[in-house]
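Inspection log for the structure reproduced underneath, given as structure tokens.
Derivation of every value follows stated rules applied to the coordinates shown; laboratory data play no part. Quick caveat, the model's predicted, so the values are computed rather than measured. Here Cβ is always computed from backbone atoms with ideal geometry, including for glycine, and neighbour counts include all displayed protein chains.
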Amino acid sequence: TSSAAEEVISPSVQVSYTKLLIDGNFVDAASGKTFPTRDPRTGEVIAHVAEGDVEDINRAVKAARKAFDEGPWPKMTAYERSRVMLRFADLVEKHSEELAALESWDNGKTYEQALTAEIPMVARLFRYYAGWADKIHGLTVPADGNYHVQTLHEPIGVAGQIIPWNFPLLMFAWKVGPALACGNTIVLKTAEQTPLTAFYVGKLFLEAGLPPGVLNIVSGFGATAGASLASHMDVDKLAFTGSTDTGKVILGLAANSNLKPVTLELGGKSPFIVFEDADIDKAVELAHFALFFNQGQCCCAGSRTYVHEKVYDEFVEKAKARALKRVVGDPFKKGIEQGPQVDSKQFEKVMKYIRSGVESNATLECGGGQVGDRGYFIQPTVFSNVKDDMLIAQDEIFGPVQSILKFSDVDEVIKRANDTRYGLAAGVFTKSLDTANRVSRALKAGTVWVNCFDVFDAAIPFGGYKMSGNGREKGIYSLNNYLQVKAVVTPLNNPAW
Ligand code: ADP
């Protein structure tokens, strides 16, 4: 797992924005404090960014409140809002190389992935939601009695948004796109591991003509800036993506402050089920992709690979061979498939789970160690003979560790696949339509991919059952998270008939 390819393919990039974006200006934290963000290839400091805290969140919420209550954002026509979002999408495309380089530097993901998959999806999402901005309207309701009844779909107000580090810009887009389309104003807190690209696109939003105060961006830590946003009395709605444990804390903070509605997109332990009639080579490749994509740092990673006993040995052999071929190295270089984990904390956590797999007597087929001696690179790791009650089959590892389990019939695998506290996604591999339909309907998961995996689109909703969260993001479903419905009832004194 090393690379022959040495060609650096990214442009060199400068860090230009490291301060909080509040009310249209880049400002220092009120405390004057900063914190370092690091390069996961080496652990070296990339830049020091402003460390937002309670006072900064207060300032940001105040700016967002003013931009909402006094305008201009909710008072602009929907068409004008849509045009700002479209101009922003154009600017994202124009600056896609710098953005991809910055994202890769701060997060460790490959430059190629950021450039060809994620940044285009960010632009696509904003265009998709720009398209909704002027198509949001209420209903006239045929109520009993002599009344004219209508519903108004109003923006909900100031949206607080807390995002994670695994897809910093994509998560920004999933949250900011629908909120802006509906006419809300925003205070967004970035993850402490990856604060850089949000500031950059914040600048692009100003350039696109977004009025000051509509989008405020605060970098800082969860227990300080994050918690003060979640418990703020003047934040009208909260959206969070992150771990299930933190989701619980956030729901509590929202409940104990002003009962703001909360959407949560949390952890997962998604089954990837391979039936005996599946195209095995394709299933091996997609199971590999489902788990190892983005260094395994995906909430929907296919992290429990269930394989039918008749094809199990062949599958394990091929999955191992594929993992051994995975090219790990500097994410800025051509042909690299896997970069480092995001930080030392995640690196240690993944290594702990690898040790747990070995100790619980799963078979370590390959990998298991660090790559190189600096930064946070981990060998693509495959365990076979994994049992449902092992920790590696139950907890979200969030790293490049594939666990392969054996099953013998459909009912059994449905039961085992659902026997988890999570319910984010699932994959089903079979040539039989009957099996595909039956299993898709039986699985308790927000997304079921049949003979494919990780197919994302602006229009396809995403979200979890059970402890993987509540609410749906993307598509038409996300709009509801950012709208209030008001019923207006007026007597009809002169009915037409
Ligand atoms: P991880 O453990 O992978 O870093 P988290 O769920 O803790 O995942 O982090 C996701 C986001 O939630 C980050 O922006 C983080 O700062 C924020 N966060 C963490 N703890 C809290 C908290 N107590 N209140 C609000 N936000 C938090």
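Quick notes
- For the stretch 116-227, alpha-carbon Rg over 2.2 N^0.38 Å: 1.30
- Between 0 and 90 degrees, the angle of helix 119-133 with respect to the longest Cα principal axis of the chain falls at about 30 degrees.
- Less than 5 angstrom separates the built amide H of Gly427 from those of Phe272, Ile273, Trp449, all sequence-distant by 5 or more or on a different chain.
- With one equal scatterer per alpha carbon and no solvent term, the Debye-computed log10 I(q)/I(0) for the stretch 178-219 at 0.14 1/Å reads -0.31.
- Size of charge dipole - the stretch 237-279 - debye, nearest 20, with Cβ of Lys, Arg +1 and Asp, Glu -1, no other charges: 560
- Expressed in units of 2.2 N^0.38 Å, where N is the residue count, the Cα radius of gyration of the stretch 362-430 is 1.29.
- Using a Förster distance of 41 Å, the FRET efficiency for Arg441-Asp389 (Cβ separation, nearest 0.05): 0.95
- Value of relative contact order over the chain, rounded to a whole percent, pairs C-alpha under 8 Å and six or more apart: 19
- Computed Rg/Rh of the stretch 172-258, alpha carbon atoms with Kirkwood Rh: 0.96
- The chain: C-alpha pair distances exceeding 36 Å, %: 32
- Taken along its principal axes, the alpha carbon cloud of the stretch 98-163 reaches lengths of 63, 22, 15 Å, longest axis first.
- In this simple spin-label model, placing a label point 7 Å from the Cα along the Cα-to-Cβ direction at both Asn480 and Lys325 gives a separation of 4.4 nm.
- Cα-projected label distance for Lys349 with Asp245, points at 7 Å along beta-carbon direction, nm: 0.8
- Segment Leu259-Lys310, length gained on full extension (0.36 nm per residue, minus Cα span): 13.2 nm
- The alpha carbon convex hull volume per residue for the stretch 271-348 rounds to 101 Å³.
- Taking the square roots of 5 times each eigenvalue of the Cα gyration tensor of the stretch 224-370, largest first, gives ellipsoid semi-axes of 36, 19, 15 Å.
- For the chain, size of Cβ-based charge dipole, Lys and Arg +1, Asp and Glu -1, in debye: 760
- Think of the stretch 349-497 as having a plus end and a minus end, set by charges on the Cβ of Lys, Arg, Asp and Glu; of Gly375, Leu479, Asn451, Leu479 sits farthest toward the positive end of this dipole.
- Kirkwood hydrodynamic radius of the stretch 247-302, from the reciprocal of the average inverse Cα-Cα distance over all distinct pairs: 13.9 Å.
- Helical contribution to [θ] at 222 nm, DSSP H n ≥ 4, -39,500 (n - 2.57), averaged over the chain, rounded to 500: -11000 deg cm²/dmol
- FRET efficiency for Val488 and Asp90, using Cβ-Cβ distance with R0 set to 35 Å, rounded to 0.05: 0.40
- Computed FRET value (nearest 0.05) for Glu7 with Glu44, which takes r as the C-beta separation and R₀ as 22 Å: 0.50
- Convex hull of Cα atoms in the stretch 1-110, direction-averaged projection (nm²): 9.7
- Each Lys or Arg adds one and each Asp or Glu subtracts one; over the other residues with Cβ under 15 Å from the Cβ of Ala283, this totals -2.
- Distribution of pairwise C-alpha distances over the stretch 372-497, 5 Å bins, in %: 2, 8, 13, 16, 16, 13, 9, 7, 4, 3, 3, 2, 1, 1, 1, 0, 0
- Other residues lying with their Cβ under 14 Å from the Cβ of Ile156 contribute a combined charge of +1, Lys and Arg counting +1, Asp and Glu -1.
- Computed Kirkwood radius, in angstrom, where 1/r is averaged over Cα pairs of the stretch 221-275: 12.0
- Between the stretch 430-496 and the stretch 253-287, the alpha-carbon center distance in angstrom: 14
- Cα centroid separation - the stretch 313-328 against the stretch 152-208, whole Å: 38
- Dipole magnitude for the stretch 292-370: about 220 debye, using +1 per Lys or Arg Cβ and -1 per Asp or Glu Cβ, origin at the Cα centre.
- For the stretch 53-113, the gyration tensor built on C-alpha atoms gives an oblate shape. Its axis ratio a/c (a ≥ b ≥ c) is at least 1.5, and a/b is not larger than b/c.
- Amide hydrogen proximity for Tyr147: with H placed 1.01 Å from N in the peptide plane, the residues at 5 or more positions away or on another chain lying under 5 Å are Leu492.
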